[in-house]
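Each reported figure results from applying straightforward, stated rules to the coordinates on display, with no laboratory input. Here the structure is a predicted model, which is why all the values come from computation and not from measurement. Heads up, the Cβs are rebuilt from the backbone with ideal geometry, glycines too, and the neighbour counts pull from every protein chain shown.
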């Protein structure tokens, strides 16, 4: 791996630093007061160290207490709407958006052309949840159902993969997700890339980073048509959003990425390092430095 690739690859903010930064933006006391939330905690890619810049879409699982459990008998959208109402009062209606299973708060931070935000958090997502045994249930509004989830299992699996891949799994996954962000986000949700990587990157690490990227893109292209279940064995398939047309578009993009990585490697082997760096930036996006 060139020093330039390594700088992007190794971007990893300590969890404590991230939590402090996120807490400063979240101000969750408002939710605690109005929705009687028993506990809330950072989850998702931030917790698994697979989040890419810019810092956005930080997931907080908001576990409601017993006095709110009556909402579990209502339509899942009702609970999401309650979160919308509360957060809109705090941050303004234009800053709040309801999604299928969460409610986003946009803090109005401008992302520059190089994906910089001066380390400020762009947005967060509140995910309502109820405790059930050793896992949680979260609302799925469009499907009128409650989805079982256990983010702790996802975190543990990511840690195992990181160890099995000689400490390199997280960085490679972050770069694959960064590529996805700058190529139309054809693979949705981005968590699907992580789930696929759990199976496609068994370890040990081969030792050549640029080769790893080329082979990973090629393998993902070969396997994007498969169904990818929830690794925790609880919720719906992670790949359920990927329709036939979306899989086809993603397959072509992944094949092109594998070819682009092969070309960048060829430029390096033939001594055209400047062109190789530009090829890597074109492939991954503006956070890839040219020196």
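Mean-square fluctuation check for the chain, GNM, Cα pairs under 10 Å: which of 139, 204, 54 is largest?
So, out of 139, 204, 54, the one fluctuating most is 204.
Looking at the square roots a ≥ b ≥ c of the eigenvalues of the Cα gyration tensor of region 213-252, which shape do they give, rounded for a/c under 1.5, prolate if a/b is larger than b/c, or oblate? Mind dumping the intermediate values first?
Numbers: a/c = 3.51, a/b = 1.47, b/c = 2.39.
Judged from the Cα gyration tensor, region 213-252 comes out oblate (a/c at least 1.5, b/c at or above a/b).
Would you mind checking the tilt of helix 151-164 against the longest principal axis of the Cα atoms of the chain, expressed as 0 to 90 degrees and rounded to 10?
Helix 151-164 sits roughly 20 degrees off the main axis of the chain.
Classify the chain as rounded, prolate or oblate from the Cα gyration tensor: take a ≥ b ≥ c as the square roots of its eigenvalues, call it rounded if a/c is under 1.5, otherwise prolate when a/b beats b/c and oblate if not.
Values: a/c = 2.10, a/b = 1.70, b/c = 1.24.
Taking the square roots of the gyration eigenvalues as a ≥ b ≥ c, the chain is prolate.
Take the chain, connect every pair of alpha-carbon atoms lying under 10 Å apart with a spring to form a Gaussian network, then pick out the residue of 134, 57, 106 with the largest mean-square fluctuation.
Fluctuation is largest for 134.
Using alpha carbons only, how many angstrom separate the centre of region 203-281 from the centre of region 172-188?
9
Report the Cα centroid-to-centroid distance between region 52-125 and region 138-160 in angstrom, as an integer.
Centre-to-centre (Cα) distance: 17 Å.
Going by C-beta contacts inside 10 Å, put 42, 192 in order with the fewest on the left. Could the numbers behind the result be given before it?
On the way: 42 18, 192 22.
Result, fewest neighbours first: 42, 192.
At a threshold of 8 angstrom on Cα-Cα distance, excluding pairs fewer than six apart, so keeping six or more, what relative contact order does the chain reach in percent? Kindly include the intermediate steps, with their values, before the conclusion.
Numbers: 449 pairs, mean separation 49.4, N = 291.
Over the chain, the number comes to 17 percent.
Which of rounded, prolate, oblate describes region 153-284, given a ≥ b ≥ c as roots of the alpha-carbon gyration tensor eigenvalues and a/c under 1.5 marking rounded, otherwise prolate only if a/b is larger than b/c?
On the way: a/c = 2.41, a/b = 1.40, b/c = 1.73.
Oblate, because a/c is 1.5 or more while a/b does not exceed b/c.
Give me 31, 198, 132 sorted ascending by neighbouring Cβ count inside 10 Å, so fewest comes first. Don't jump to the answer; show the numbers that get you there.
Numbers: 31 21, 198 18, 132 14.
Least to most surrounded, the residues fall as 132, 198, 31.
What is the helix-to-structure angle for 273-284, meaning the angle in degrees between its Cα long axis and the longest Cα principal axis of the chain, kept from 0 to 90 and rounded to the nearest 10?
The two axes meet at around 30 degrees.
Treat the count of other C-beta atoms within 10 Å as a stand-in for reagent exposure and order 40, 222 from fewest to most.
Result, fewest neighbours first: 222, 40.
Quick one: among 46, 135, 91, which has the greatest mean-square fluctuation in a GNM of the chain with alpha-carbon springs under 10 angstrom?
91
Please report, in whole Å³, the volume per residue of the convex hull around the C-alpha atoms of region 223-276. Could the numbers behind the result be given before it?
Details: hull volume 5.6 nm³, N = 54.
Once divided by residue count, the hull of region 223-276 is 104 Å³.
By how many degrees, between 0 and 90 and to the nearest 10, does the Cα long axis of helix 15-26 differ from the longest principal axis of the chain?
In the chain, helix 15-26 runs at an angle near 50 degrees to the longest axis.
Using only alpha carbon pairs under 8 Å that are at least six residues apart, calculate the relative contact order of region 178-291 and give it in whole percent. List each step's numbers first, then the result.
Working: 117 pairs, mean separation 33.0, N = 114.
Here the relative contact order equals 29 percent.
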